[in-house]
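Enquirer: The structure is given below, and queries will be raised subsequently.
The values are calculated or read from the model by the stated rules, or taken from the named source; none is laboratory data. All values reported here derive from a predicted model rather than from experimental measurement. Cβ atoms come from the backbone with ideal geometry, glycine included; neighbour counts cover every protein chain shown.
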Amino acid sequence: MEKGMIKVSVLYANGDGKTFDMDYYLNKHIPLVGGLLGDAVKGASIEKGIAGGAPGSVAPYATMSNLYFDSVADFEGSFGPNVDQIMGDLPNFTNIEPSIQISEVM
């Protein structure tokens, strides 16, 4: 990604009693989000947590996803009108409340 782009990270913390259906996420939720946000999204990545930093430790996050935009305005303009539909789909694949961070690529 290019310097100055906006990265929106969606982090799903791991923990006891937390569930995450990766199959649904990859095959239903991500296509839904991509279709709703359209050309505003310039790139994306999805990461499945497999371990923490210490040997044998659990990954702090079940999943981390990143979406890239040219500007915060592009993110807000595409996400805002679709927030209810996107967030409404969460119970279909997880019981984890995601954390969202907006960053500038350096």
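Enquirer: Do any residues in segment 1-24 that are more than 12 Å from S71 (Cα to Cα) and exposed (fewer than 11 other Cβ atoms within 10 Å of the Cβ) have Cβ atoms under 8 Å from those of residues that are at pLDDT below 95 and charged (D, E, K, R), where the two are at least six apart or on different chains, and which pairs are they?
Expert: As it stands, the answer is none, since no pair meets every condition given.
Enquirer: Shifting gears a bit: For a quick check of your reading of the model, give me the residue pairs whose first member lies in segment 80-106 and is touching a residue at least 12 places away in the same chain (Cβ under 8 Å) and on the phi < 0 side of the Ramachandran plot, whose second is loosely packed, with under 11 Cβ neighbours inside 10 Å and β-branched (V, I, T), with beta-carbon atoms closer than 6 Å and at least 6 apart or on different chains.
Expert: What qualifies is N95/T19.
Enquirer: Separate question: If you go through segment 47-82, how many residues are β-branched (V, I, T), within 22 Å of A13 (Cα to Cα), surrounded by 11 or more Cβ atoms within 10 Å (Cβ to Cβ) and over 13 Å from the mean Cα position of the chain (by Cα)?
Expert: Filtering segment 47-82 down to residues β-branched (V, I, T) leaves 50, 58, 63, 72.
With within 22 Å of A13 (Cα to Cα) added as a condition, the list becomes 50, 58, 63.
The next check asks that each one be surrounded by 11 or more Cβ atoms within 10 Å (Cβ to Cβ); those that pass are 58, 63.
Right, trim to over 13 Å from the mean Cα position of the chain (by Cα) and you get 58.
Count: 1.
Enquirer: Working only within segment 57-101, note down all residues that are touching a Phe, Trp or Tyr at 6+ places or on another chain (Cβ under 7 Å) and within 22 Å of G4 (Cβ to Cβ).
Expert: Within segment 57-101, F69, F75 qualify.
Enquirer: Just to be sure, is V33 surrounded by 11 or more Cβ atoms within 10 Å (Cβ to Cβ), part of a helix (DSSP H, G or I) and either among the aliphatic types (A, V, I, L, M) or in contact with a Lys or Arg (Cβ under 9 Å, 6 or more places away or on another chain) (or both)?
Expert: It is true that V33 is surrounded by 11 or more Cβ atoms within 10 Å (Cβ to Cβ), part of a helix (DSSP H, G or I) and either among the aliphatic types (A, V, I, L, M) or in contact with a Lys or Arg (Cβ under 9 Å, 6 or more places away or on another chain) (or both).
Enquirer: For segment 27-61, name all the residues that are acidic (D, E) and touching a helix residue (DSSP H, G or I) at 6+ places or on another chain (Cβ under 8 Å).
Expert: Narrowing segment 27-61 to residues acidic (D, E): 39, 47.
Listed by number, the list is empty, since nothing qualifies.
Enquirer: Can I ask one more? Here is a list of conditions, (1) exposed (fewer than 14 other Cβ atoms within 10 Å of the Cβ); (2) in contact with a Leu (Cβ under 6 Å, 6 or more places away or on another chain); (3) not acidic (D, E), and N95 meets all of them except one; can you say which number that is?
Expert: Unmet condition: (2).
Enquirer: Within segment 36-46, restricting attention to residues that are surrounded by 16 or more Cβ atoms within 10 Å (Cβ to Cβ) and without any contact (Cβ under 8 Å) to a residue 40 or more places away in the chain, which residue is farthest from the chain's Cα centre (by Cα)?
Expert: A40
Enquirer: Turning to a different aspect of this structure: Among (1) touching a strand residue (DSSP E or B) at 6+ places or on another chain (Cβ under 7 Å); (2) part of a loop (DSSP other than H, G, I, E, B), there is one condition M106 misses while meeting the rest; what is its number?
Expert: Of everything listed in (1) touching a strand residue (DSSP E or B) at 6+ places or on another chain (Cβ under 7 Å); (2) part of a loop (DSSP other than H, G, I, E, B), M106 misses just condition (1).
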